[in-house]
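A.B. asks: Please see the structure below; I have some questions.
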Amino acid sequence: MADVIAIDGPSASGKGTVASRVAEAFGMDYLDSGALYRLTALYAQRQGAAWSDGTAVAVLAANLPAEFADGKILLDGEDVGAEIRSEAVGMGASEVARHPEVRTALLQRQRDFQTASGLVADGRDMGSVVFPDAVLKIFLTASAQIRAQRRAAQLGLPCEGAAFERILSDIEARDEADRCREAAPLKQLPDALLLDTSDMGIEEAVKKVIDWYEQ
Ligand code: C5P
């Protein structure tokens, strides 16, 4: 099997942008595993299953009618790329991701992204559970304050005031939920390289990962 580069880290750390740019640089495929958890949360909501009901959500996750095609993310044929990025769906993703049976239901689907072209995969448990044999494991992070500022900039909001404080507290709440859960908690693995992008632009972060892989 071709190489896998696993990039794990907290929400809004920029790992998705870095991972997809690295994949492009090497002609590898890209797996946004968070999108699968977000799709599961949205699908559960649409099917009337509570995010807290692990058994029901796992059944839906195992039969998720999702497709990744031409840069689009489809659920039941509908483009939900923008909808799954909302903070509400993000919180739902975090909730469904707590259930071990949901994680198991999505496991093979994630591994199926690995082809002969190689893969860059980003998420929370890429290096620990899904691709433990990854040739390069990276823990990509930045301070919560910086992540909130980047998210605010994306949304065209100022870096102060009530809206900003809400973004920051959402990020901190999701960090805590992802770090403190029992199933695949987010943490830096002993064999992962730390990439703290608090004082680093995207270009520099991408270059760093490329350099590490080529070493
Ligand atoms: O990375 P993203 O913010 O899109 O992920 C949404 C949520 O899905 C995370 O907060 C996390 O709880 C969950 N997730 C996970 N394991 C992954 C990817 C995402 O538990 N590999």
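Derivation of every value follows stated rules applied to the coordinates shown; laboratory data play no part. Note that the structure is a prediction, hence the values are computed from the model and not measured. Note that we place each Cβ from the backbone using ideal geometry, even for glycine, and neighbour counts take in every protein chain shown.
A.B. asks: May I ask you to evaluate 6.51 cos²θ - 1.76 cosθ + 1.60, the Karplus curve with θ = phi - 60°, for each residue of the stretch 53-62 and list the ³J(HN,Hα) values in order in whole Hz, giving x for glycine and proline?
C.D. replies: Karplus-based 3J(HN,Hα) across the stretch 53-62 equals 8, x, 5, 5, 5, 5, 4, 5, 4, 5 Hz.
A.B. asks: Just to check I understand the Karplus step: with θ = phi - 60° and J = 6.51 cos²θ - 1.76 cosθ + 1.60, what whole-Hz values come out for the stretch 121-127, glycine and proline as x?
C.D. replies: Per residue, the Karplus-derived 3J(HN,Hα) values read 10, 10, x, 10, 10, 5, x Hz.
A.B. asks: Between the alpha-carbon centers of the stretch 155-215 and the stretch 59-79, tell me the distance in whole angstrom.
C.D. replies: 26 Å
A.B. asks: Among Ala93, Leu74, Val120, which residue has its Cα positioned farthest towards the positive end of the charge dipole of the stretch 32-171, with +1 placed on the Cβ of Lys and Arg, -1 on the Cβ of Asp and Glu, and the dipole taken about the Cα centre?
C.D. replies: Farthest towards the positive end: Val120.
A.B. asks: Another question, if that's okay. For the stretch 41-164, what is the largest minus smallest coordinate of the Cα atoms on each principal axis, given in angstrom and ordered from greatest to least?
C.D. replies: Each principal axis gives a Cα extent; for the stretch 41-164 these are 42, 40, 30 Å.
A.B. asks: Using alpha carbon coordinates only, what is the Rg to Rh ratio of the chain, with Rh defined as the Kirkwood radius?
C.D. replies: Here Rg/Rh amounts to 0.94.
A.B. asks: List the residues whose amide H sits under 5 Å from the amide H of Gly123, counting only those 5 or more places along or on another chain, with H placed 1.01 Å from N in the peptide plane.
C.D. replies: Counting only residues 5 or more places away or on other chains, the set is Ile7, Asp8, Gly9.
A.B. asks: Report, in debye and to the nearest 20, how large the dipole of the chain comes out about its Cα centre when Lys and Arg carry +1 and Asp and Glu carry -1 on their Cβ.
C.D. replies: Dipole magnitude for the chain comes out near 240 debye.
A.B. asks: A further question follows. How do Ser52, Ser13 rank when sorted from fewest to most other Cβ atoms within 10 Å of their own Cβ?
C.D. replies: So the ranking, lowest neighbour count to highest, is Ser52, Ser13.
A.B. asks: Report, in debye and to the nearest 20, how large the dipole of the stretch 89-165 comes out about its Cα centre when Lys and Arg carry +1 and Asp and Glu carry -1 on their Cβ.
C.D. replies: So the magnitude is around 80 debye.
A.B. asks: Report, by chain and number, residues whose modeled amide H sits under 5 Å from the one on Ser143, excluding near sequence neighbours (fewer than 5 apart, same chain).
C.D. replies: Amide H neighbours of Ser143, under 5 Å, 5+ apart: Ser198.
A.B. asks: Also, I was wondering about something else. So which GluC sites (Glu not before Pro) in the stretch 108-197 pass both tests, a DSSP loop state and at most 13 other Cβ atoms within 10 Å of the Cβ?
C.D. replies: The qualifying sites are Glu160, Glu182.
A.B. asks: While we're here: Through the Karplus equation 6.51 cos²θ - 1.76 cosθ + 1.60, θ set to phi - 60°, convert the phi angles of the stretch 67-75 into ³J(HN,Hα) values in whole Hz; use x for Gly and Pro.
C.D. replies: 9, 10, 9, 6, x, 9, 10, 10, 10
A.B. asks: Then there's this: Quick one: which residues, 5 or more positions from Leu193 or on another chain, have an amide H under 5 Å from its amide H? H modelled 1.01 Å from N in the peptide plane, none for Pro or chain starts.
C.D. replies: Lys137, Ile138, Phe139
A.B. asks: Where does each of Ile84, Ile202 land when they are ranked from fewest to most other beta-carbon atoms within 10 angstrom?
C.D. replies: Ile202, Ile84
A.B. asks: Computed over the Cα atoms, what is the radius of gyration of the stretch 162-208 divided by 2.2 N^0.38 Å, N being its residue count?
C.D. replies: For the stretch 162-208, the normalised Cα radius of gyration comes out at 1.49.
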